[in-house]
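Q: Here it is: the structure, laid out below.
The values are calculated or read from the model by the stated rules, or taken from the named source; none is laboratory data. Just so it is clear, the model here is predicted, and its values are computed rather than measured. Ideal geometry is used to build each Cβ from the backbone, glycine not excepted, and the neighbour counts take in all protein chains shown. Protein only, heavy atoms only, side chains kept; ligands, DNA and RNA dropped before computing areas. Shrake-Rupley method; radii C 1.70, N 1.55, O 1.52, S 1.80 Å.
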Amino acid sequence: MREERQRGTDGSTVRGTLEALASGEIGVSEAESRIAGYATTAAGRFDSAREDRRGIPEAVLAEGKRPAETAALATTALETTGRALVTRASPDHAAAVREAVGDAAPEADVDHDEVTRTVVVHAAGFEPPELAATVAVVTAGTADAPVAGEAEVVAREIGASVDRVEDVGVANLDRLLDQIARIREADVVVVAAGREGALPTVVAGLVAAPVIAVPVSTGYGEGGEGAAALAGALQSCTALTTVNVDAGFVAGAQAGLIARAIDGGN
């Protein structure tokens, strides 16, 4: 650990980093990031070394943060890693990020998706990773799209190709069977479903790839708000992995990690 700190988390020497800082080549956040693996802002510390350490880019969770705090962390992410990934962003969060990025890096690309509540920022010239693996993101119905979309964004940012298969819920199995050959082509499958959450179990019984179930907080009455979908996935008689209710980020991250392992084995 001492040697790593002396060299910096990106392999550069501490002296080289300080010289780059002194010459104005890099800023304070980038210098701290290279030496410590994180950058300190008024809104908290940004884990700039997470992708190197875990294979998953650090995300800024906007929910619970003020727009200005989210924007500060997003611009720090952009400075230290070349991109920013913001999740659970309201329109006010997205507007603040867009304004801050416009001031700090006007040539950066900002993509806000209101359905998935994500904001993805890429610096000019940023080259996202590309993996030789495909993730199928499957939804039971339209109401599952926001959570499934978050998983899709995260898996794409890790580098996987994503095939979105929508509205194939078990209320009409013909819709699923029409698409099952396509789903079977994927290396890993994420299935988002609310209400009783039967779709992940059905899909997992029909494909050879790993399946990740994402219970969604749709439904009402007994077992509503994702409770029945979560219990059904945990009690599934087929082999699958289950994440928490509405945990699209976690599902996308796990799918992306599996895709990385598959890519590394090719």
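Q: Here are some residues: 97, 110. Which one is assigned to a strand (DSSP E or B) and not acidic (Asp, Glu)?
A: 110
Q: Name the single residue that is most open to solvent (accessible area, probe 1.4 Å) among those in the range 165-186 being under 15 Å from residue 151 (Cβ atoms) and assigned to a loop (DSSP other than H, G, I, E, B).
A: Only one residue tops the list, namely 166.
Q: Also, I was wondering about something else. Within the set of pairs 6+ apart or on separate chains, which have a first residue in the range 84-110 that is in contact (Cβ under 8 Å) with a residue 60 or more places away in the chain, a second that is open to solvent by 40 Å² or more (accessible area, probe 1.4 Å) and assigned to a helix (DSSP H, G or I), and C-beta atoms under 6 Å apart?
A: 87/249
Q: Let me ask another. Inside the range 114-130, can you point out the residues that are assigned to a loop (DSSP other than H, G, I, E, B) and surrounded by fewer than 22 Cβ atoms within 10 Å (Cβ to Cβ)?
A: 114, 115, 123, 124, 125, 126, 127, 128, 129, 130
Q: Quick one: in the range 72-94, which of the residues that are assigned to a loop (DSSP other than H, G, I, E, B) and at pLDDT 95 or above is surrounded by the most Cβ atoms within 10 Å (Cβ to Cβ)?
A: Of everything passing the filter in the range 72-94, 89 is surrounded by the most Cβ atoms within 10 Å (Cβ to Cβ).
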